[in-house]
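The values are calculated or read from the model by the stated rules, or taken from the named source; none is laboratory data. Predicted model only: the values in this text are computed from it and were never measured. Quick reminder, even Gly has a Cβ in these numbers, built from the backbone with ideal geometry, and neighbours come from all protein chains shown.
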C-alpha cells in the first residue's frame with residue numbers, strides 16, 4: 001500500500017469513527033456544573049416553584065433558602081424549618097417539607113407558620129422524614145430513615161409511608177435498610193425508592209389503594225452493598241437522576257435500569273431537581289454548596 005492509499009484509508013477510518021461517535025444524550029457539549037452559592041452547612045431538597053424561585057434546605061441551620069433565578073440572589077426564606085430536608089410543591093402551590101428535627105411532614109403556610117400533616121405512626125413518633133413525592137390523587141409517599149443519633153428513635157424500622165389526601169397514614173415498605181430518595185413515575189404507575197443503606201434503587205408497582213407490589217431491583221449503585229444513593233428526580237422521558245455521594249456524581253438511569261450517563265459534581269451531591277422556564281436546568285445540592293447545569297432533556 002502506498003502513502004496516498006494509506007493516508008486515504010486512515011482518513012476514512014477517522015471520519016467513520018467520528019460519524020459513529022454519539023453525543024451525550026443528556027449533557028449538551030460545553031455544558032458543565034456551575035456553582036450558584038456556597039457557605040451553607042449541608043444543602044438538600046431543591047424544589048422549583050414553577051415560576052421564578054428554587055427553594056432548598058440547609059439542614060443544620062434549620063433554614064429553607066430561596067434562590068432567585070433572575071437575580072441570582074439567595075435569602076433565608078424560612079428561618080426555623082425544623083431542619084427540613086426534602087421539599088416539594090403540591091398542586092396548590094404549597095411547599096411541603098420533610099422535617100428532620102421536628103420528625104414530621106409539614107406544610108408551609110402563607111404567614112410563615114408550618115402546619116403538621118403527620119408526625120407519628122401507630123402512636124409512635126416518626127424517625128426523621130427525609131424525602132417525598134405525590135401520587136395522582138395528591139397523596140404523599142415519603143421515606144422515614146434515621147441518620148445520626150438513634151437514642152430517641154421510637155419506630156422499630158426505617159420505612160416508607162403513604163399519607164392519603166384525607167390524612168390516613170399507611171406503611172407501604174418495611175424491608176429496606178435505610179430508604180432515602182423517592183419518586184413516583186411520570187405515568188403514576190410506579191414508585192422508585194433509593195435504599196441508601198444498601199446502595200440500591202428499587203421499583204414498585206402502585207396499586208389503586210396506594211399499596212405497592214412487585215418489588216424489583218432497578219439498579220445497584222455499587223457492587224459491595226455499601227451505602228450510596230440519595231435524592232432523585234425525573235426528566236420528561238422518565239429517566240431517573242440519582243445522586244451518588246459515594247462517587248460525587250449524578251447517575252442518569254433509564255426506566256429499565258440501564259445507566260445512560262453520569263454527571264460529575266465538584267462535591268458529593270445529595271439531591272437535585274429540574275427548574276427554569278424550559279425546565280432544562282438541573283439544580284443540585286451538594287454539601288455546603290448549590291449548583292446548576294443545563295441539560296438536553298427537560299424535567300417532568
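Being under 15 Å from the mean Cα position of the chain (by Cα), closer than 25 Å to residue 221 by Cα and surrounded by 16 or more Cβ atoms within 10 Å (Cβ to Cβ) is true of residue 201.
All of (1) surrounded by fewer than 19 Cβ atoms within 10 Å (Cβ to Cβ); (2) touching a residue at least 24 places away in the same chain (Cβ under 8 Å); (3) part of a strand (DSSP E or B) hold for residue 222 with one exception: (3). Residues of region 60-74 that are in contact with a strand residue (DSSP E or B) (Cβ under 8 Å, 6 or more places away or on another chain), under 21 Å from residue 277 (Cβ atoms) and assigned to a loop (DSSP other than H, G, I, E, B): 69, 72, 73. Residue check: residue 173 meets all listed conditions (1) closer than 26 Å to residue 48 by Cβ; (2) more than 16 Å from the chain's Cα centre (by Cα); (3) buried (at least 19 other Cβ atoms within 10 Å of the Cβ) but one, namely (1).
For (1) more than 30 Å from residue 294 (Cβ to Cβ); (2) part of a strand (DSSP E or B); (3) in contact (Cβ under 8 Å) with a residue 60 or more places away in the chain, each residue gets a yes or a no:
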position	(1), (2), (3)
76	no, yes, no
107	yes, yes, no
112	yes, no, no
147	yes, no, no
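All conditions in (1) assigned to a loop (DSSP other than H, G, I, E, B); (2) closer than 19 Å to residue 178 by Cβ hold for residue 255, with the sole exception of (2). For region 285-296, the criterion of a residue being surrounded by fewer than 17 Cβ atoms within 10 Å (Cβ to Cβ), part of a strand (DSSP E or B) and modelled with pLDDT of 95 or more is satisfied by at least one position.
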